[in-house]
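Peer 1: Following this message is one structure expressed as structure tokens.
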Number of protein chains: 2
Amino acid sequence: MMTREMCLAMDQNDSLAALREHFALPGDVIYLDGNSLGARPLSSAERAMQLVQQEWGEGLIRSWNTAGWRSLSQRLGDQLAGLIGAGRNEVVITDTTSINLFKVLAAALTVQARRDEQRRVIVSEASNFPTDLYIAEGLIGLLQQGYELRLVDSPEAVIAAIGSDTAVVMLTHVNYKTGHMHDMAAMTAQIHACGALAIWDLAHSAGAVPVDVHQAKADYAIGCTYKYLNGGPGSPAFVWVNPALCDEVSQPLSGWFGHASQFDMASSYMPQQGIARYLCGTQPIVSLAMIECGLDVFARTDMAALRKKSLALTNLFISIVEDRCAGHGLKLVTPRDPAQRGSHVSFEHAHGYEVIQALIARGVIGDYREPGIMRFGFTPLYTRFVDAWDAAQILGEILDSNAWAEPQYQVRHQVT
Amino acid sequence: MMTREMCLAMDQNDSLAALREHFALPGDVIYLDGNSLGARPLSSAERAMQLVQQEWGEGLIRSWNTAGWRSLSQRLGDQLAGLIGAGRNEVVITDTTSINLFKVLAAALTVQARRDEQRRVIVSEASNFPTDLYIAEGLIGLLQQGYELRLVDSPEAVIAAIGSDTAVVMLTHVNYKTGHMHDMAAMTAQIHACGALAIWDLAHSAGAVPVDVHQAKADYAIGCTYKYLNGGPGSPAFVWVNPALCDEVSQPLSGWFGHASQFDMASSYMPQQGIARYLCGTQPIVSLAMIECGLDVFARTDMAALRKKSLALTNLFISIVEDRCAGHGLKLVTPRDPAQRGSHVSFEHAHGYEVIQALIARGVIGDYREPGIMRFGFTPLYTRFVDAWDAAQILGEILDSNAWAEPQYQVRHQVT
């Protein structure tokens with residue numbers, strides 16, 4: 001039988017425990033929503049001030065050169081690359097995940113149109129993160145060339161849906177709702193065996209689970225920096241393209257930052273070689289620069305150690321919740337098999353929305369996704385074992401007392 | 001004959017002079033590059049700290065609701081709208097100018113494809129800002145539907161290039177290089193008379209010259225917030241669509257923030273009504289939020305007063321430079337007719353690059369654009385008449401002494 005003291009002892013023996021000191025976390029909350037918005041690295045305030053006061057205020061336009069703004073997307077991409085198994089000059093941080101998906105999806109369709117123009121189907125999961133599906137819809141609607149988005153209802157149904165008509169398979173590695181994780185290497189091998197290209201959305205993977213895009217032989221990967229990477233609200237996203245494919249086609253959001261000689265101001269486009277052709281317009285420098293603060297914390301550890309703690313946290317939370325809240329109609333949605341799990345745990349409950357509101361009122365911040373799903377993110381950089389214990393106890397108290405049924409918890413407002 | 005004392009007197013009589021106090025400007029520079037990166041509003045440091053420390057650090061995910069992040073693109077769009085003659089709920093601030101151009105250009109082509117599918121030409125100027133042309137190229141290349149980009153060599157040649165094959169005319173209101181300003185209303189009327197739609201890039205107009213998109217009957221407008229609007233380096237861009245057209249089609253970068261009910265997490269896309277359908281992914285909140293600091297300063301004056309001072313500044317600068325630097329081979333590129341001029345002045349010189357470097361070394365910050373063009377931006381919010389005087393004198397000294405020929409000014413590095 002687990003006790004709070006045992007959880008405290010786990011924290012005392014945790015070799016990663018000291019990393020929490022690099023984050024600003026309010027004293028009155030248990031933050032289990034780093035899968036939605038990562039906590040603030042302490043150094044971000046100083047970095048923001050340096051940017052605003054010195055680089056912008058004093059350096060003014062000169063800072064594009066003197067403060068390195070010009071190459072910031074590339075420099076931070078290089079710093080992120082190791083977390084997803086990418087090499088130097090293979091990743092840029094720019095725009096949003098949605099925009100980057102549009103770029104790689106358009107590029108992938110162009111590659112396939114040259115190889116086999118019969119391949120006009122994009123396969124994905126109906127449970128994929130909605131914006132990914134919307135972007136595919138938008139691209140298909142624009143192309144007017146008989147492309148089709150084919151959605152399957154379960155992770156297991158993906159491979160069977162790929163045929164000789166399939167151009168691209170577009171999957172999110174860790175499902176935003178269930179926390180289910182695909183085997184990226186095995187899936188990619190099967191996708192390639194069917195003649196399709198593989199696009200991986202790593203929004204819930206980068207910084208959360210070990211990823212190796214090269215070992216998996218992925219074709220394209222995109223993802224987000226404001227979740228497990230702690231880049232700050234809405235910080236720009238990343239994009240990686242397998243070097244073997246990267247220079248084969250240009251991507252259609254061909255803005256001046258992707259031009260081979262940007263300041264020649266030529267009237268026709270010529271893409272840079274390599275991943276820099278995935279750059280487009282001028283980036284939001286302050287939001288972009290703060291990403292470095294989160295990446296600096298990752299440099300103090302490695303993904304193997306983080307994965308070990310992540311699984312220990314999610315295993316612990318599942319076990320305590322199922323024990324403490326038995327009989328309250330909670331259903332574990334996340335796979336029990338650790339190998340199929342990302343770094344968040346989801347429970348379904350008939351009144352999931354209200355329960356999450358009641359938890360937030362008690363200082364336990366998780367979030368809610370339709371229908372009925374309560375998500376709890378575990379960020380090994382700053383989540384403690386005792387947080388898992390305390391959160392489970394408070395969840396139990398709310399369910400025991402039906403506190404979630406109070407009127408103030410019925411009012412619907414949503415978080416991102 | 002103008003003197004420095006007369007310029008100082010003009011500053012003393014300037015009713016806008018006090019607005020300069022809202023900006024942080026280094027004491028040792030004369031900043032004439034607000035057309036490239038606006039100066040820092042003093043309040044931006046406090047706003048950045050509030051965002052980073054309170055809203056992100058303390059509020060965490062809750063700030064999407066409690067700090068208004070969810071509707072920030074719309075709220076700031078409403079605040080900007082008046083500067084371009086737009087109404088409430090007609091503007092959003094999001095993504096980059098390049099990305100927003102892609103959205104409106106794709107939408108415009110879709111509208112025209114429904115009205116008259118023979119119209120497959122996009123007309124623009126070869127001297128348009130390069131990224132605008134690159135984006136059009138990217139879209140055309142993606143569509144593979146026989147679209148064509150037709151570029152003309154002068155502002156006067158635009159109308160003659162529009163025919164029954166023309167879908168869209170895509171113009172930048174104030175040319176980034178020459179400072180030439182189109183008559184937006186007259187051009188739009190002629191474009192419409194030819195059956196084409198008009199897209200206006202207001203990057204060098206918003207906050208620089210009076211603009212009235214409704215009075216001009218424009219169809220689409222996009223623009224930048226980091227130049228004359230002083231939003232900060234790379235701050236997100238704006239997009240306006242004429243309400244009469246807005247709901248006619250969906251734009252292809254259809255991300256979740258443009259969805260009619262974002263948090264239903266439906267697997268198919270349904271655009272919001274109105275300009276919010278031009279939203280796509282999660283925005284860089286810190287860079288976005290600081291735009292408010294610049295817009296707040298505009299609320300203390302109006303575009304008519306700013307235009308009056310802008311023309312007084314550019315007239316003064318042209319006159320002093322042509323007097324002080326006579327015989328040095330400077331050629332005014334900007335129209336002498338104030339009605340055809342934006343808020344910057346460009347002179348061509350055979351060694352323009354070196355001269356600009358020598359000026360920067362002397363604390364006069366202008367910038368350079370190929371070929372041979374030196375740009376000097378005049379921002380009536382913070383530029384003084386004496387700045388125009390002093391800059392012209394220093395330019396004269398550099399030309400008199402051939403200081404620009406020193407080796408350190410030959411090294412090429414570029415600003416944005």
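Peer 1: Inspect all residues belonging to the range A:61-70 and state whether any of them is of a type in the set (D, E, K, R), open to solvent by 10 Å² or more (accessible area, probe 1.4 Å), within 13 Å of A:I285 (Cα to Cα) and modelled with pLDDT of 95 or more.
Peer 2: yes
Peer 1: Which of the following residues is within 25 Å of B:Y176 (Cβ to Cβ), open to solvent by 20 Å² or more (accessible area, probe 1.4 Å) and modelled with pLDDT of 95 or more: B:L25, B:L42?
Peer 2: B:L25
Peer 1: Confirm whether B:E125 is in contact with a Pro (Cβ under 7 Å, 6 or more places away or on another chain) and either more than 27 Å from A:N100 (Cα to Cα) or buried (at least 18 other Cβ atoms within 10 Å of the Cβ) (or both).
Peer 2: Considered against the rule, which asks whether it is in contact with a Pro (Cβ under 7 Å, 6 or more places away or on another chain) and either more than 27 Å from A:N100 (Cα to Cα) or buried (at least 18 other Cβ atoms within 10 Å of the Cβ) (or both), B:E125 comes out as yes.
Peer 1: Considering only residues that are modelled with pLDDT of 95 or more and at the interface with another protein chain (Cβ under 7 Å from one of its Cβ atoms), which ones fall in the range A:251-264?
Peer 2: A:P252, A:L253, A:S254, A:G255, A:W256, A:H259
Peer 1: Quick check: is even one residue across the range A:297-319 under 30 Å from A:N65 (Cα atoms) and touching a strand residue (DSSP E or B) at 6+ places or on another chain (Cβ under 7 Å)?
Peer 2: yes
Peer 1: Right, another one. Name the single residue that is farthest from B:F378 (Cα to Cα) among those in the range B:33-48 being facing chain A (nearest Cβ under 7 Å) and assigned to a helix (DSSP H, G or I).
Peer 2: Checked the range B:33-48; the qualifying residue farthest from B:F378 (Cα to Cα) is B:A48.
Peer 1: Here is a further query. Taking the residues in the range B:81-135 that are outside any helix (DSSP H, G or I), among the polar types (S, T, N, Q) and over 16 Å from B:A203 (Cα atoms) as candidates, determine which candidate is nearest to the other protein chains (Cβ to nearest Cβ).
Peer 2: Taking the candidates together, the pick is B:Q118.
Peer 1: Further, regarding this structure: Filter the range B:277-304 for residues that are hydrophobic (A, V, I, L, M, F, W, C) and open to solvent by 30 Å² or more (accessible area, probe 1.4 Å); which is nearest to the other protein chains (Cβ to nearest Cβ)?
Peer 2: B:A299
Peer 1: If I filter the range B:208-223 for residues that are within 14 Å of chain A (Cβ to nearest Cβ), outside any loop (DSSP other than H, G, I, E, B) and either open to solvent by less than 10 Å² (accessible area, probe 1.4 Å) or over 19 Å from B:N100 (Cβ atoms) (or both), do I get at least one hit?
Peer 2: There is at least one residue in the range B:208-223 that is within 14 Å of chain A (Cβ to nearest Cβ), outside any loop (DSSP other than H, G, I, E, B) and either open to solvent by less than 10 Å² (accessible area, probe 1.4 Å) or over 19 Å from B:N100 (Cβ atoms) (or both).
Peer 1: Another one. Step by step: first the residues of the range A:224-249, then only those that are among the small types (G, A, S) and more than 8 Å from chain B (Cβ to nearest Cβ), then the one that is least open to solvent (accessible area, probe 1.4 Å). Which residue is that?
Peer 2: The residue in question is A:G231.
Peer 1: Sticking with this structure for a sec: Here is a list of conditions, (1) in contact with a strand residue (DSSP E or B) (Cβ under 6 Å, 6 or more places away or on another chain); (2) farther than 23 Å from B:D95 by Cβ, and B:D219 meets all of them except one; can you say which number that is?
Peer 2: With (1) in contact with a strand residue (DSSP E or B) (Cβ under 6 Å, 6 or more places away or on another chain); (2) farther than 23 Å from B:D95 by Cβ applied to B:D219, the lone miss is (2).
Peer 1: Still on this model: Taking A:G138 as the residue in question, decide whether it is free of Cβ contacts under 8 Å to residues at least 24 places away in the same chain and within 14 Å of chain B (Cβ to nearest Cβ).
Peer 2: Spelling it out, it is not the case that A:G138 is free of Cβ contacts under 8 Å to residues at least 24 places away in the same chain and within 14 Å of chain B (Cβ to nearest Cβ).
Peer 1: Can you tell me which residue among B:R324, B:R384, B:R307 is under 18 Å from B:Y228 (Cβ atoms), surrounded by fewer than 24 Cβ atoms within 10 Å (Cβ to Cβ) and touching a helix residue (DSSP H, G or I) at 6+ places or on another chain (Cβ under 6 Å)?
Peer 2: B:R384
Peer 1: If you don't mind, there's one more thing I want to ask. Within the range A:359-381, can you find the residues that are part of a loop (DSSP other than H, G, I, E, B) and either open to solvent by 10 Å² or more (accessible area, probe 1.4 Å) or not polar (S, T, N, Q) (or both)?
Peer 2: A:R362, A:G363, A:G366, A:E370, A:P371, A:G372, A:F378, A:P380, A:L381, listed by residue number.
Peer 1: One residue is enough: does the range B:269-280 have a residue meeting the conditions within 24 Å of the chain's Cα centre (by Cα) and farther than 25 Å from B:Y220 by Cα?
Peer 2: Scanning the range B:269-280, I find no residue that is within 24 Å of the chain's Cα centre (by Cα) and farther than 25 Å from B:Y220 by Cα, so the answer is no.
Peer 1: Being in contact with a Ser or Thr (Cβ under 8 Å, 6 or more places away or on another chain) and of a type outside the set (A, V, I, L, M, F, W, C) is the filter here, so list the residues in the range B:164-181 that pass it.
Peer 2: Those that are in contact with a Ser or Thr (Cβ under 8 Å, 6 or more places away or on another chain) and of a type outside the set (A, V, I, L, M, F, W, C): B:H173, B:N175, B:K177, B:T178, B:G179, B:H180.
Peer 1: Oh, and also: Of everything in the range B:50-67, what is facing another protein chain (nearest Cβ under 7 Å), free of Cβ contacts under 8 Å to residues at least 24 places away in the same chain and among the aliphatic types (A, V, I, L, M)? Give them in sequence order.
Peer 2: B:L60, B:I61
The values are calculated or read from the model by the stated rules, or taken from the named source; none is laboratory data. Bear in mind the structure is a predicted one, so any value in this text is a computation, not a measurement. Note: ideal-geometry Cβ built from the backbone for every residue, glycine included; neighbour counts use all protein chains shown. The accessibility values were calculated without ligands, DNA or RNA, using every heavy atom of the protein model including side chains. Shrake-Rupley method; radii C 1.70, N 1.55, O 1.52, S 1.80 Å.
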